[in-house]
1. Please turn the phi angles of region 279-284 into ³J(HN,Hα) values with the Karplus equation 6.51 cos²θ - 1.76 cosθ + 1.60 (θ = phi - 60°), one per residue in order, whole Hz, x for glycine and proline.
2. How far is it, in nm, from the label point at Ser192 to the one at Gln179 when both lie 7 Å from their Cα along the line to the Cβ?
3. What is the percent of Cα-Cα separations in the chain that go past 39 Å?
4. Let's test the formula: R0 of 22 Å, r as the Cβ-Cβ distance of Asn165 and Glu244. What FRET efficiency results, to the nearest 0.05?
5. Would you pull out the residues with amide H under 5 Å of Leu283's amide H, same chain only if 5 or more places away, H placed 1.01 Å from N?
6. What is the calculated FRET efficiency for Ser263 to Asp324, with r their C-beta to C-beta distance and R₀ = 22 Å, to the nearest 0.05?
7. Calculated from DSSP H runs of 4 or more alone, at -39500 (n - 2.57) each and per residue, what is the 222 nm mean residue ellipticity of the chain, nearest 500?
8. Give the distance, in whole Å, between the Cα centre of region 138-204 and the Cα centre of region 52-120.
Amino acid sequence: MTEKDQIIEKLSDKILLLTQESVIIKGENKKLNESLSAALDRTGLFIWEQHIPSGQLKILDQAFGSMCGFETNEIESTVSSWKNNLHPDDKEKVIAALEAHLAGITPYFHMIYRMKHKTGDDVWVSDRGRVIEFDDNNNPLRMTGTHIDITQEKLYELELAQYANLDPLTNLLNRKALQNNFKVYTNTSKYSGGGLFFIDLDDFKSINDIYGHKVGDKLLLHVTSNFEALAPTDALIARFGDDEFAIICKTTNKLALESLAQSILTTLAQPTEIEGIKISINLSIGICVFEKNDKNFATIYERADKAMYSVKRKGKNHYAFWDDYKES
C-alpha cells in the first residue's frame, strides 16, 4: 500500500468516525429536544427567539400564535404581528420596555401583559428575554427568551382581589374599598368635594329574628338594588356591616343630596314582598357635606355617623346633615 493509499485510508476512517459521532450527537440532540418539548408541554412555557434586524420570531416546537389560538397560516411570525396583538391598554408600556432593552438601557426584558386571543378573550403572559448576540458594530442581532400563559393564575388573583374589595352578599364595595376609592377620587383633577351618606336600616335585627336570615338577606339585596337605582351613576356605594351602608355622591349641592335622601326613604318605605311576606324598611341617614380641601375619610365618616345617630335619637326614619347636627 502506497503512502497515498495509507493517507486516504486514515482519512476515510476519520470521516467514518466523525459520521458515527454525528449520528450519535444528532440522536442525543433529538432526545434532548423531545425531553424539552415534553417538559414545556407540562409547564405551558414557550421558548422564543427573535432575529432583530428582520423582526422574525420563532417559537421552539410551537407555531407562532398558538398561545392565542391562531393557526400557522392565520398570523405572521413577526414582531410586528406580536405588537399588533398586544392589548391596547398594555401595548405602549410593553413596547417601551422592549425598546429600552434593545437600546441597552435595561439588562433584560421582563413584562406581564395581555394579548388578544382569537376568541376575543384576554391571554395573560409573563414574558422575559435578553439579547444574546451582537453584530460587528455592537448592534443587537438575536434575542431569546421565554413566555408563559399565566391566565388562570391572573384570573384567580383578580378574583381574590375582588373578594377582598366587595361585600360577598350585595357585591357592593366594602369599607376598605370605599376608603381606597375615596382616596383615588380626592386625587383626581375633578375632585371638588361631595356628600357622604351613612345609612342604618332601622330595626333590621328584629326582621332577622322574626323572619330568619334568608328573608333578611333578600331584604338587603332589595335595599342594595334601590340604592343603585336611585344614586347618581358616578356615586360610590358600600356596605359596612349587617345593616349599615354608605354612599359617596360627587356633589356638594345640598338640595340634590336632600332629594336623594328623601327618594331613598320614600322608595324603601313602600312594602315589598319577600318569601310571601310584605315588608317595608325605614332608614336613618346621616349626611356629611365635604369640600375640596376635605380629604380625611375618617373625619368625614365620623361626622356622617354622628348625624345618623342624631336621627336615631329623634325617632328614626329620617335624614340629617352634619352641619345641622353640629349647630343644634
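1. Once rounded to whole Hz, the list reads 10, 10, 10, 9, 9, 10.
2. Distance between the two pseudo-spin positions: 2.9 nm.
3. On the way: 25629 of 53628 pairs.
So the pairs more than 39 Å apart make up 48 percent of the total in the chain.
4. Values: r = 17 Å, r/R0 = 0.78.
The value I calculate is 0.80.
5. Asp202, Asn317, His318
6. Working: r = 19 Å, r/R0 = 0.87.
Calculated transfer efficiency: 0.70.
7. After summing the helix terms and dividing by residue count, I get -15500 deg cm²/dmol.
8. Each part reduced to its Cα centre gives a spacing of 27 Å.
Read-outs: derived from the displayed coordinates by stated rules, not from any lab. Quick caveat: nothing in here was measured; it's all calculated off a predicted structure. Neighbour counts are summed over all protein chains in view; Cβ atoms, including those assigned to glycine, are modelled from backbone coordinates with ideal geometry.
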